[in-house]
Amino acid sequence: QHQGAWLQIRLAFTGMGCCFSSGELQGGLSAPKELSAKVSKLAHSRLRRLRELDETTKIPFILIELTGEGDGEGEIEVCGKNEYGVYEALDEFFLTQWGCTKLDPGDLSDNTKIPFCSAQYRWDGFRAQGTEGLNNMGKSTMQVIDYVAGQLSWTLAMVNGGNVGEVGEVRETQIVFKAPHPMNLVAPHMMVEMRSAGYIEVCCDLDDENRGVLDIIDSYFRDRFQAEQMDGHEDFCDRYYKTSDNVFKGTSGSSESNFNLLVTDVCDKIVKINGWSLVSANSGNYGEQGMHSEQQLLFRKDYHPLGDTSYTVVTLNSEGEVEINGAERKGVVTKLTKWLQTEWKCTNKTNFQEGDIFCRKYDWTAKDLIEASVEVIKFFEMQGQEMQVTSQQVIKEQDKICREQMLFFREGKTEVGTIEPHLFLELYAGEGNPELYEDEEVTQILAKQHVRVEQIGPDPASKELEDVVEKIGEFIKTYLGGTQDPANPGTWNINVFMCRGRFENNLAQWTMRICDFLVDAQGWSFLMCSLCNMGDQGQFRGQQLLFRWDGDKRNIPVSTTSWNNTDSNKMEVPDYWVDEKVRSGEMVMKQVVCTLEERQALQEMLDSTYKRVLTRDRAPDDDAPEDEEMPYRLELEAAFRSEHRALWYKYQDRRERDPVDEVYLPKTADPVTCVVERLQPGDGYLYHGTNPSSAMSILKTGFNMEHAGSATGTMFGPGVYCAEASSKSDEYGRDDGGNTYPSLCAILICRCFIGKPYVVQQAGAHVDTARDQGFDCVIGDRESAAKTYKEYVFFEEASVYPEFAVIYRRQYVKEQVPA
């Protein structure tokens, strides 16, 4: 643990100088300027340099920005590395399903328009109606999420945005995804949008298995909000509710407003529904006086390990108000109240309570919101609570424009009295020339853009923070043209941000590359991304990013193997394969969701081969209670089956080279299930523990002998190691890290050609002996020698066909295991 280990990176708002050195634009601008041909060439060169990052990035981020400019008028931009064919898939989705028109975003060639994104579309599908905020941005956002997550398996990381224009009539939503995870193919998402004008919208596309949640929240809305479901709004959302007139009290920012209390109540209610958790919150306000508040809440059924613990929501207002909403749990609200009064000299403004949830509002002498946020997060971490979600917004209060920061906390895994290392970034894109804002064809470099890096933590600082401060500095200097301000240590003046017109800019483009750098190259976990639009029309852009150090990152391989085996297209495939394109040879491979019968058979296999025998290979698990060293059961959450013509061809070719005389049966052969019945003589199902993203990658590429033993060693010689006991492979099971489906691990269940095995009981280099004597694999029988487990070692890649990826969690409560 690292006491007080933090890094804060924020952007200041002062002028600076500009210099040119060795033909490179360095530093910042004290005044905006129109882009010259020389600087355009340098900007293109800098973007081409980003390819260095793309070539090594394994955990990429993409950002899809939806902009609704008016009814029937919209635009879409996509930023980030093109990995796993995501741009091609999005192109088909936007052109075919949404009827968009593809635009030219520019390219990396000199003397062309500088691209602010990698793909751009004209979107006529945005719908807006009336003056109370009714629009289809929420429904459109969910359609994108259901496609990118539910079909392409990318992980939803964050939804944020805001309203710009004179009265907030232009709506922007940024949807951030990170590298694919198999659970996305089966985990449903749901958006609840609350508007203080008296409306609640629900947007989702749930299957029969998950639609029960709609009945639960329908009953809740009717009871808590006296809400009535209204018909005729299908173009805007899936369910539309009008609340009672007296439910939402006050106006945005007023002392009487209970909007944040109701937001907290909704969050607490939905996370108590089995498996659902809050992923993101996106706040805003609208109307000529900014009187109406709105909040989008994104939920996902991911069985988060924090379960149904309730939220405490802290809102910081730059005009001098602190608001706390939440039920009292372990005295945290009381402790926070005392801390605010003691440390910030806050004075009580108003208190009220609805149900179990308190709302307490205080006056304070406002300070920098980022510094204040860091202090609040440190307070909660010391209480053993984690920040789960945050959002920021610019609001109007009594004709004043001010910023608000909302922070959602709940009891986490942080040890009481300790603080995890975090990294806080705020990017300020700068300010343009008002006259140039009027011309959407003119590109201008914005003034007063810079990054301030400030380390907040113990003295001396943790090694992780010292390293990342140095690396961030090199990144800013190399890619953002940054120079340190001699008058302000830790401040970097930069010059990468540009705009065309008021609202088109390249902030998202650089935001994604910063995420790639910190997550993939430096191993930090992404927590949140929050957009803030300042200025009288929201033309001054800011972006907050928050990262946390969770330890060494997981090794996630990139699936780049290209299959082109015409012989595999001619062979017969198993009759239980279901994808018609794979069966016909039109496609080489497809990962399909297992049927209920298959999932039951795989769970039975996990149960029948599990034994609570501990070995030195089992690493400590943060989810384990203090008195338990290993779980009582592995509970299957999802399972996927690979239909792969090329790997199947290699496997069948391997089997035919060595006919089987005697059949060696591993423990997975009993009991006989619908899955076991599919095996051929000499085959056996065996386990291989890994993390979910690596499991799906291996389903696509097969095992690589060059990586044999890279994670677990080579006790019996080099090769692909498998086990017949699920508890043995669980020793190597991990989640993906990076706050992506925490606590969900993976085991591959592989169809293996055991054939004629070479059985040994002691460690040693047995592979060469087995191969020379005509054996098909090595069995290291430590079960007989040391009462632990048997391990199977395969020295030919083709002997192992990775067929199933099982995503599971560990059950440490004995009473929860079925008899």
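The values are calculated or read from the model by the stated rules, or taken from the named source; none is laboratory data. On a predicted model such as this, the values are computed, not experimentally measured, just so you know. Here the Cβ is made from the backbone with ideal geometry for all residues, glycine too, and neighbour counts use every protein chain on show. Accessible surface areas use protein heavy atoms only, side chains included; no ligands, DNA or RNA. Shrake-Rupley method; radii C 1.70, N 1.55, O 1.52, S 1.80 Å.
Largest first and in whole Å, the equivalent-ellipsoid semi-axes of segment 581-710 read 29, 19, 17, each the square root of five times a Cα gyration tensor eigenvalue. The value given for segment 703-808 is a Kirkwood hydrodynamic radius of 14.5 Å, derived from the mean inverse Cα-Cα separation. Which lysines have a Cα lying under 21 Å from the Cα of LYS756, excluding residues fewer than 8 positions away in the same chain? Hits, sequence-local ones excluded: LYS650, LYS667, LYS790. Quick note on segment 47-104: its Rg to Rh ratio, both from C-alpha atoms and Rh being the Kirkwood radius, is 1.04.
The GluC sites (Glu not before Pro) of segment 218-279 that DSSP puts in a loop, and whose beta carbon has at most 14 other beta carbons within 10 Å, are GLU234, GLU256.
Using the Cα coordinates of segment 753-818, the gyration tensor eigenvalues translate into equivalent-ellipsoid semi-axes of 30, 18, 8 Å, sorted from longest to shortest. Which number comes out as Rg/Rh for segment 309-386 once both Rg and the Kirkwood Rh are worked out on C-alpha atoms? Radius of gyration relative to Kirkwood radius: 0.93. Based on the Stokes-Einstein relation at 10 °C and a viscosity of 1.306 mPa s, and on the Kirkwood radius from alpha carbon pairs, segment 245-332 is assigned a translational diffusion coefficient of 111 µm²/s.
Only protein atoms count toward the accessible area here, which uses a 1.4 Å probe; on the chain, the carbon and sulfur part of that area reaches 44 percent. The distance linking segment 788-819 with segment 235-265 is 48 Å (Cα centroid to Cα centroid, whole angstrom). Rg over Rh for segment 155-204 works out to 1.08, both radii taken from alpha-carbon positions and Rh defined as the Kirkwood radius. For segment 191-242, the alpha-carbon radius of gyration amounts to 1.09 times the rule-of-thumb value 2.2 N^0.38 Å expected for a compact globular protein. What the Cα atoms of segment 371-444 give is an Rg and a Dmax of 18.4, 55 Å.
Across the chain, the volume of the C-alpha convex hull divided among the residues equals 179 Å³ per residue. When every alpha-carbon pair in segment 142-243 is counted, what percent end up more than 21 Å apart? Taking all Cα-Cα pairs of segment 142-243, the fraction more than 21 Å apart is 45 percent. Relative to the 2.2 N^0.38 Å rule of thumb, segment 622-668 has a C-alpha radius of gyration ratio of 2.00. Cross-link check: pairs LYS448/LYS471; LYS269/LYS335; LYS345/LYS448; LYS272/LYS471; LYS272/LYS367; LYS463/LYS700 evaluated at a Cα-Cα cut-off of 30 Å; pairs beyond the cut-off: LYS345/LYS448; LYS272/LYS471; LYS272/LYS367; LYS463/LYS700. Extension gain, GLU706 to ALA763: 0.36 nm times the residue separation minus the Cα-Cα distance gives 18.4 nm. Subtracting the Cα-Cα distance of GLU55 and GLN811 from their residue separation scaled by 0.36 nm leaves 268.2 nm.
Summing Lys and Arg as +1 and Asp and Glu as -1 over all other residues whose Cβ lies under 13 Å from the Cβ of GLY198 gives a net charge of -3. Placing unit charges on each Cβ (+1 for Lys and Arg, -1 for Asp and Glu) gives segment 42-138 a dipole about its Cα centre, and among ILE114, ASN135, PHE93 the Cα reaching farthest toward its positive end belongs to ILE114.
Rounded to the nearest 10 square angstrom, LYS139 shows an accessible area of 40 square angstrom against a 1.4 Å probe.
One chain, two ends: SER45 and THR350. Fully extended at 0.36 nm per residue, the span grows by 104.2 nm beyond their Cα-Cα distance. Taking label points 7 Å from Cα along the Cα-to-Cβ direction, GLU597 and SER254 give a separation of 6.2 nm.
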